[in-house]
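Chemist: The structure that follows is given in the form of structure tokens.
The values are calculated or read from the model by the stated rules, or taken from the named source; none is laboratory data. Small disclaimer: the values here were computed from a predicted structure and weren't measured. A quick note on method: Cβ atoms are made from the backbone with ideal geometry, for glycine too, and the neighbour counts reach across all protein chains shown. Ligands, DNA and RNA are stripped out before the accessible areas are found, and what is left, the full protein with its side chains, is counted by its heavy atoms. Shrake-Rupley method; radii C 1.70, N 1.55, O 1.52, S 1.80 Å.
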Amino acid sequence: MAKQNVSEQFVDILVRAGVKRMYGVVGDSLNPVVDAIRRHRGIDWIQVRHEETAAFAAGAEAQVTGALAACAGSCGPGNLHLINGLYDAHRSMAPVLALASHIPSGEIGLGYFQETHPELLFQECSHYNEMISNPEQMPRLLQTAIQHAIGRGGVSVVTMPGDIAARPAPEKSIEHALVTSRPTVRPGDEEIEKLRRMVDGAKRVTLFCGSGTAGAHAEVMEFAERVKAPVGHALRGKEWIQYDNPYDVGMSGLLGYGAAYEATHECDLLILLGTDFPYNAFLPSDVKIVQVDVRPEHLGRRSKLDLAVWGDVRETLRCLTPQVRARSDRKFLDRMLKKHADALEGVVKAYTRKVEKHVPIHPEYVASVLDELADDDAVFTVDTGMCNVWAARYLSPNGRRRVIGSFSHGSMANALPQAIGAQFTDRDRQVVSMSGDGGFTMLMGDFLTLVQYDLPVKVVLFNNSSLGMVELEMLVAGLPSFGTANRNPDFAAVARAAGAYGVRVEKPKQLEGALKDAFRHKGPALVDVVTDPNALSIPPKISAEMVTGFALSASKIVLDGGVGRMVQMARSNLRNVPRP
């Protein structure tokens, strides 16, 4: 039996850690590893057209599965292209192992062709970032990197020179049991007791939830019922907390809607649950604030805290809820629910145009129809920019759907690459990329990856021929729009030329049929929807704070015409919540 080389041993360890595929672009120093993958039955090499796509795809796969995913780049420029996608994965707490292959070990530091210093370049977007300098070191270093990525939730980068990758592996290497899942973190009894006293001593409690409430929906609802608390959420908390929520008061932040802002400012105790909400201007400064987070480094970095609780949201609420005093007074909750319903109703009443007849097509209408037609377990990937607005307002979560975007890093061009990673996890699950024309064209080459692997991703292209969010930012800041116009082709024709299904939609009456046909198509499909670039209007009064944001609520942002199914949900909550 031939002796293993370092690359083969490297791949064996990845497979043992649960990695199913590695995304990347093959080349020079990476060739020994890719060849080892070619010969291993337990892992696939996924050839993309740009390494940034590889990192975004790996990050999305990790978010969908919760398991370790992997990507790779060849030496110098190849692995440099990974950085943007790795930043996004790291800030999304997605466990990703990135292999940065390197120039020959004997040439490092001598200005060799394509020389960079990956151990410095990736430092800020990783928990662990080290270089393998000899074959004996590789197994322990790789295993340590894997455990950092999984245990801390984020990116680990392993740099390996191509010559070391091709060397014989040591016969007796140290391989130990790998960490493949994260434990729950329970706060101490003292912190639980402090939190209990604060809750029992408060008259008006509001919960504000982020992505850390994933898996804790039932516990949040039970606690909200016990203390009669309105429940708001950040954008990343929407998919986990908005559905089946009779206490919902909407979303706060730059894309906020409803009464979440009011609920967080009119309470006397605000409890932040699993959120690293980045917009401190939207948080109150004159109420008591408690933050519960599994990452201690997140505690207190957005606002002054009266109590910091290091713990998993689900486990914390399981410990806390039975100990707090049950309440019957719903005055604050009912007042916030009414404000929320009124805010959403106000948006609908302000809408006068017949959206289903408007040309160019309103993007709100596209998002609303898409929400109705998409599967109940669809995965939506959402481009940064105006697509974030439409997803935040119109996609209806139900506990089975997923919504993935660059919500913390805010990169353009994320939706298509993330759709690739999401679709590879399950070819039978519907994956929809909500792409803007700016983001789509930035990494448009990887539409060919869909065709090459016959991935049935459905790209719904919101084509307003502009960088719409940037235009809005300029307008709010009092600047004329400049450098934001896109001269676009017929993207449907481009898709057909590439070998995919493509259809162009210019009139609202064509939209539903086009989406249904694309969804029925068994391979990749693109629906190029020509949308109104002026759909998002600016409120008549603009405060200084809006220069760096858009509004405090949806009614101020002015989203003409309904907000998906949220209006009906708000009405139902007012009717159905039991009265004392």
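Chemist: Quick one: P(r) of the range 277-414 from all Cα-Cα pairs, 10 Å bins, percents rounded to integers, in order of increasing distance.
Modeler: 9, 22, 34, 26, 8, 1
Chemist: Take the solvent-accessible surface of the protein heavy atoms, probe 1.4 Å, and return the percent of it on the chain that carbon and sulfur atoms account for.
Modeler: 51 percent
Chemist: Here's something else I'd like to know. Determine the shape class of the range 181-332: with a ≥ b ≥ c the square roots of the Cα gyration tensor eigenvalues, call it rounded for a/c under 1.5, and otherwise prolate if a/b is greater than b/c, oblate otherwise.
Modeler: Note, shape of the range 181-332 comes out rounded.
Chemist: Over the heavy atoms of Lys338, what accessible area does a 1.4 Å probe trace out, to the nearest 10 Å²?
Modeler: 110 Å²
Chemist: With a 1.4 Å probe and every protein chain left in place, work out the accessible area per residue of the range 45-94 in Å², rounded to a whole number.
Modeler: Heavy-atom accessible area per residue stands at 24 Å².
Chemist: So how do 281-287, 451-457, 484-490, 521-527 stack up, highest first, on mean other-Cβ count within 10 Å?
Modeler: 521-527, 451-457, 281-287, 484-490
Chemist: Which of rounded, prolate, oblate describes the range 170-259, given a ≥ b ≥ c as roots of the alpha-carbon gyration tensor eigenvalues and a/c under 1.5 marking rounded, otherwise prolate only if a/b is larger than b/c?
Modeler: Because a/c hits 1.5 or more and a/b fails to exceed b/c, the range 170-259 counts as oblate.
Chemist: Chymotrypsin sites (Phe, Trp or Tyr not before Pro), restricted to the range 73-175: which are DSSP loop and have at most 15 other Cβ atoms within 10 Å?
Modeler: Tyr112, Phe113
Chemist: When the Cα centres of the range 192-271 and the range 488-509 are compared, how far apart do they sit, in Å?
Modeler: Each part's Cα centre sits 42 Å from the other's.
Chemist: Any idea of Cys267's accessible area? Nearest 10 Å², probe 1.4 Å.
Modeler: 10 Å²
Chemist: Would you work out the relative contact order for the chain, in percent, from Cα pairs under 8 angstrom that are 6 or more residues apart?
Modeler: 13 percent
Chemist: Quick one: order Trp240, Trp310 from most to least accessible surface, probe 1.4 Å.
Modeler: From most accessible down to least: Trp310, Trp240.
Chemist: In whole Å, what is the distance between the alpha-carbon centres of the range 373-413 and the range 434-467?
Modeler: 15 Å
Chemist: Moving to a separate point now. Taking amide H positions as placed in the peptide plane 1.01 Å from N, state which residues far from Ile46 in sequence (5 or more) or on other chains have amide H under 5 Å from it.
Modeler: Here the answer is Met22, Tyr23, Gly24, since their amide H atoms fall under 5 Å of that of Ile46.
Chemist: Number of Lys-Lys pairs in the range 285-432 under 26 Å by Cα, sequence gap 8 or more or different chains?
Modeler: Lysine pairs meeting both conditions in the range 285-432 amount to 8.
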